[in-house]
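See below for the structure under consideration.
The values are calculated or read from the model by the stated rules, or taken from the named source; none is laboratory data. Because the structure is predicted, anything quoted here is derived from the model rather than measured. Reconstructed Cβ throughout: ideal geometry from the backbone, glycine too, with neighbour counts over all protein chains shown. For the accessible areas, the whole protein counts, side chains as well, though only heavy atoms, and no ligand, DNA or RNA atoms are used. Shrake-Rupley method; radii C 1.70, N 1.55, O 1.52, S 1.80 Å.
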Amino acid sequence: MMARRPLIAGNWKMNGLKADGVALAEAVARKVKAGPAPADVLICPPATLVDRVAQTVAGSGVAVGGQDCHAVQSGAHTGDVAAAMLKDLGASHVILGHSERRTNHGETNATVRAKAEAAHAAGLVVVVCLGETEAERDAGRTISVVESQFKESLPSGTNADNTVIAYEPVWAIGTGRTPTNAEVAEVHAALRASAAKVLGAAVADRLRILYGGSMKPSNARELLAIKDVDGGLIGGASLKVDDFWAIVEASR
Ligand code: PGA
């Protein structure tokens, strides 16, 4: 098996005005430059800050991503942001299908797939989020839910260079609760197997599958040590450089 370099990604969600965003980005860039970091580091500010954050971290080795994009590249879509626009500002990645988008904006697997196709066409790496709700877990449906999300959310042309998967149990996001290590291992193994089936063994072997949902300095080392966990998608703990960096260090 090939060693996969971990990816630690910060999802700032709808947080940060110019001054906070630039200060946080500067602090992360400083840490990476002092490196060598044990992981690839990605920060995903709100769309309003992608430009400034990308300029702030330019040349530091920190990658910048959007949190969503539209499925077409331009046109009459008031309020939306196209993948090419993110790319134009210096983003290299975009988060797609986050559960907050699936819940608050009615995004389906088909929506996510169309957005991923547009993002790939614009040259962005997609971080596709999936995960079960608490009701689905309680009903014993976790594996079948994530398998169908995986199958239905990824466009043709998906490979390990243009796509990262983030397993985020909906009930673990922002709640302080996490699945047991065995539960995380089970889902990540199932996703790796899905990847082999859908994308082929060689792609599956290189595909990074992140865990997200209440990852913080106190549990990161344990979560990141689980087989088939190739990094983390961090919400709340990505807003403080010390917490975020402790998680980066925990991937060592
Ligand atoms: P959290 O969010 O770390 O605050 O739980 C993770 C996410 O939603 O990506």
When averaged across all projection directions, what area in nm² does the alpha-carbon convex hull of the range 27-88 cover?
4.6
In nm, to one decimal, how far is the ASN159 label point from the LEU17 one, both placed 7 Å along Cα→Cβ?
4.5
Taking 0.36 nm per intervening residue step and subtracting the Cα-Cα distance, what contour gain separates SER74 from ALA193 on full extension?
39.2 nm
Quickly estimate the mean residue ellipticity at 222 nm for the chain, helices only: each DSSP H run with n ≥ 4 gives -39500 (n - 2.57), and the total goes over all residues, rounded to 500.
-13000 deg cm²/dmol
Heavy-atom surface of the chain, accessible at 1.4 Å and reported per residue (Å²):
43
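Please sort 170-177, 31-38 by packing, taking for each peptide the average over its residues of neighbouring beta carbons within 10 angstrom, highest first.
Highest mean packing first, the order is 170-177, 31-38.
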Cα-based Rg / Dmax (Å) for the chain:
16.7, 48
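Please work out whether the range 172-252 counts as rounded, prolate or oblate from its C-alpha gyration tensor, where a ≥ b ≥ c are the square roots of the eigenvalues and a/c under 1.5 means rounded, while otherwise a/b larger than b/c means prolate and anything else oblate?
Prolate.
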Which order do ARG101, ARG141, ARG30 take when ranked by solvent-accessible area (1.4 Å probe, heavy atoms of all protein chains), largest first?
ARG30, ARG141, ARG101
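Two decimals is fine: what's Rg over Rh for the range 83-209, C-alpha atoms, Kirkwood radius as Rh?
Numbers: Rg = 14.3 Å, Rh = 14.9 Å.
We get a ratio of 0.96 for the range 83-209.
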